[in-house]
Every structure is written in C-alpha cells, then in structure tokens.
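Structure, as structure tokens:
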Amino acid sequence: MILEASTSNIQKAGLAIRAGYLVAFPTETVYGVGADAFNPTAVEAIYALKGRPSSNPLIVHIASLEWLPQLTGPLSAQQQQWLAKLTPLWPGPLSLVLPRNVSVPSIVSAGHPTIAIRMPRHTLAQEFLRASGTPVAAPSANRSNYISPTTAAHVQAEFGEALPIILDGGPCAVGIESTVLSLVGPIPKLLRLGSVSYSALQALLGEVEPPDTASTQTISPGMGAKHYSPRTALQYVGSSPAPGGKRMGLIRFDAQPVEATLKPEKICTLSEAGDPEEIACRLYAALRELDDLGLDLILVDRCARTGVGAAIMDRLDRAMAL
Ligand code: TXA
Ligand code: MG
C-alpha cells in the first residue's frame with residue numbers, strides 16, 4: 001500500500017524493518033525494497049519477492065558514516081584514502097564495494113566477501129533509515145530484470161498488496177540507478193555507470209578502471225548483458241528501417257520533429273532542450289508508460305555517451321540486448 005511520507009508512517013516503516021518485514025522507499029535514484037541487513041530471513045524475502053537470482057548481491061543503505069564500520073571488514077590504508085576522497089560524494093547516487101564485515105549475513109552479498117554500500121541523499125530515505133536504526137539492504141523495487149521504479153505507483157504496479165508499506169517520496173530526481181565503484185582491487189573499478197560519472201571519479205581518485213562487460217559480470221552479477229528490459233521490443237531510432245504496419249511508440253530525447261517515415265501512436269518527449277539529466281530522470285517512467293500500451297515496438301533516441309549520457313546509453317543497450 002502506498003503511504004504518504006508523514007512522521008508516523010516513517011516511524012511505522014522503521015518499526016516494520018526492525019520486525020523483519022520489507023518496506024519500499026524512495027531514493028534520489030530509484031525506489032528500493034529494503035530489509036534489515038542483519039536479518040538473513042528478511043533479506044531472503046527480498047530475493048523471493050523479486051525473483052532475483054541468489055547470485056546477485058544487494059546494496060546496503062546507511063544514514064550516516066558512523067554506520068559504516070559495522071558493515072566493512074578491515075580496510076587497507078589505500079582503501080581508507082580512497083574512501084576519504086569519495087565520501088564528499090555521500091550522501092548521493094554512488095555505491096562503494098568494500099570488504100564485508102564478517103558479522104553481516106553473507107546472503108546480503110550473495111556469498112561474496114565484499115559489500116556494496118550507499119548513503120542516499122533523498123531526505124525521506126534518510127529519515128526512513130534513521131527510523132529503522134539499522135543498515136537496510138535494498139535492491140531496486142522491481143521484479144528481476146524489469147525496469148526500475150521511479151515513483152511509488154511503479155512499485156505498487158510491480159508488487160501490488162505484497163508490499164504493505166510503500167513510502168511515497170514523489171518521483172525520483174536522478175531516475176537511474178547509482179554508480180557502483182569497487183574499491184577492493186589494486187585500482188578502483190567502475191562496475192556500473194550512473195549519474196556520478198567516470199570522469200568525476202577520475203578527477204577525485206586519479207586512475208579508475210572503466211567498466212568492461214565481460215569481467216564486470218563475474219564481479220557484479222547484476223550487470224548481465226540483458227537487464228532493465230520492457231516486455232515490448234525496443235530499438236534505437238534509425239537502427240533499422242522503420243517497419244511498416246507496426247504499432248509504435250517513440251521516446252524522444254528533445255523537441256526535434258518526428259521523422260516523416262515514423263508514425264508513432266504515442267510520443268514521450270523527455271526533455272525539450274535535450275538535457276541529459278532530465279532525460280535520465282524521465283526515461284524509466286516513459287518506458288513503463290509505453291510498455292503498458294501493448295505496442296509492437298518502442299523506438300528510442302540516442303545521446304552522447306558522456307557524463308550521465310553514458311549511463312543512459314548503458315541502460316538502453318542492456319534493455320535491448322537479446
Ligand atoms: O540506485 C541504486 O543503486 C538502487 C537504490 C535502491 O539504491 N539500488 C539498486 O540495486 O539498483 P540493484 O540490486 O538493483 O543493483 C545492485 C547492483 C547490481 O548490479 C549488483 O550486482 C551490484 O550492485 N552489487 C551489489 N553488491 C555488490 C558487490 N558486493 N560486489 C559487486 N557488485 C555488487
Ligand atoms: Mg535492479
């Protein structure tokens with residue numbers, strides 16, 4: 001059930017987490033479905049709810065830096081240095097992979113000796129985490145492989161009454177999942193692109209390994225080639241001749257006119273000015289809206305693979321992968 005973000009509902013959500021139940025909550029990236037990270041039975045229920053492969057580890061959310069030591073194992077001097085350089089980006093859309101504290105149930109990390117940690121910026125997420133009083137393990141609140149939710153209504157559409165508490169924090173401001181950066185190797189390695197860009201991380205850390213699909217999938221199983229996919233076939237505009245006789249939807253990144261050869265039934269314009277941040281913010285809602293129309297094909301624009309544009313194109317490539 002969708003609950004407004006009142007103080008009493010936030011308290012209720014916190015109590016539910018402590019009692020071992022699942023709660024859906026907003027972050028600035030996407031909505032998550034969370035459980036007490038120290039309750040393995042509750043964490044198992046997340047995997048069951050989502051139909052998530054048990055090999056795919058979760059991100060654990062914290063309200064403040066003081067919560068970090070209970071989650072991490074011993075950190076090297078190098079890891080502490082990297083952390084000091086990166087924590088100015090917290091709270092924010094950045095998840096860091098570090099050695100896992102032995103006291104954290106291994107199911108949180110799908111058995112890996114590491115743990116992904118994030119401090120969300122969304123005020124309601126922070127209030128909810130403080131009310132829970134414990135780190136909250138939370139993947140995106142969608143069925144495995146479908147599009148991440150960016151509104152409370154999206155979460156409700158995914159899980160219906162299976163989730164008694166969906167905290168409503170309005171539409172997410174960023175709109176695509178957090179950047180995931182691993183700090184467990186000899187140099188920091190980008191595992192998932194997000195709105196914290198590759199160049200922003202390089203500026204802070206110096207050398208950063210770029211994401212490479214093959215090895216990243218072994219380290220970060222959630223980064224499978226196909227992911228984030230609508231049920232409807234999806235193609236980039238112009239990637240093949242416009243098929244005739246098909247019912248099409250079009251996701252336009254800016255205000256350019258529609259090509260004469262295309263006859264879309266529905267057009268979603270994400271940003272009049274083609275602003276990448278605005279495109280990211282509205283992309284998943286548009287994909288869901290068009291997917292719900294039962295069309296034959298969704299066509300989508302491309303953007304430059306720089307900054308958040310790289311993350312947008314990454315998600316679309318995966319959504320189209322066979
Ligand atoms: O923005 C986000 O990150 C959202 C919100 C709710 O925080 N969460 C999210 O979680 O997108 P999820 O489960 O949909 O994606 C988590 C990603 C997966 O690609 C997973 O493989 C990776 O993080 N991951 C989690 N723990 C990891 C670990 N220990 N080592 C490597 N990758 C890890
Ligand atoms: Mg996800």
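Observations on the model:
- Positive dipole terminus of the chain, leading residue within I147, Q80, V102 (C-beta point charges): V102
- Here the dipole of the range 23-159 is about 220 debye; that uses its Cα centre as origin and unit charges on the Cβ of Lys and Arg (positive) and Asp and Glu (negative).
- Helix 40-50 and the long axis of the chain differ in direction by around 0°, with both axes built from C-alpha atoms.
- Maximal additional length on extending the R18-S103 stretch stands at 28.9 nm, based on 0.36 nm per residue less the C-alpha distance.
- In the chain, a dipole from Cβ-located charges (positive for Lys and Arg, negative for Asp and Glu) runs towards its positive end, and of P211, L124, G244 it is P211 whose Cα lies farthest in that direction.
- When DSSP beta bridges are restricted to pairs lying wholly in the chain, around 40% turn out antiparallel.
- The distance from the alpha carbon centre of the range 273-321 to that of the range 31-72 is 27 Å, rounded to a whole number.
- Computed magnitude of the charge dipole of the chain (debye, nearest 20; Cβ of K, R +1, Cβ of D, E -1): 520 debye
- Per principal axis, descending, Cα span of the chain in whole Å: 60, 46, 32
- Sequence ranges 142-152, 193-203, ranked by mean other-Cβ count within 10 angstrom, highest first: 142-152, 193-203
- Taking the empirical scaling 2.2 N^0.38 Å for compact globular proteins as reference, the range 34-89 has a Cα radius of gyration ratio of 1.41.
- Estimated purely from DSSP H runs of n ≥ 4, each contributing -39500 (n - 2.57), the mean residue ellipticity at 222 nm for the chain is -9000 deg cm²/dmol once divided by its residues.
- In a reduced charge model with +1 at each Lys and Arg Cβ and -1 at each Asp and Glu Cβ, the range 229-322 shows a dipole moment near 320 debye about its Cα centre.
- Excluding same-chain neighbours fewer than eight residues apart, the lysines reachable from K85 by a Cα-Cα span under 18 Å are K189.
- Residues E158, E207, E127, sorted so that the one with the fewest Cβ neighbours within 10 Å comes first: E207, E127, E158
- Considering only T114, T29, T123, the mean-square fluctuation computed in a Gaussian network model of the chain, springs between alpha carbons under 10 angstrom, is largest for T123.
- Given charges at Cβ of Lys, Arg, Asp, Glu: the chain dipole, positive-most of G194, Q256, A173: G194
- Exposure proxy for F253, F128: other Cβ atoms within 10 Å of each Cβ, ordered fewest to most, give F253, F128.
- Aspartates and glutamates with Cα under 16 Å of K50, excluding same-chain neighbours fewer than 8 positions away: E158, E161
- In straight-distance terms, cross-link reach from K246 covers every one of the lysines whose alpha-carbon lies under 19 Å from its own, apart from those fewer than eight places away in the same chain; here that gives K263, K266.
FYI, it's all coordinate maths here, none of it is from the lab. All figures in this text were calculated on a predicted structure; none of them were measured in a lab. Ideal geometry is used to build each Cβ from the backbone, glycine not excepted, and the neighbour counts take in all protein chains shown.
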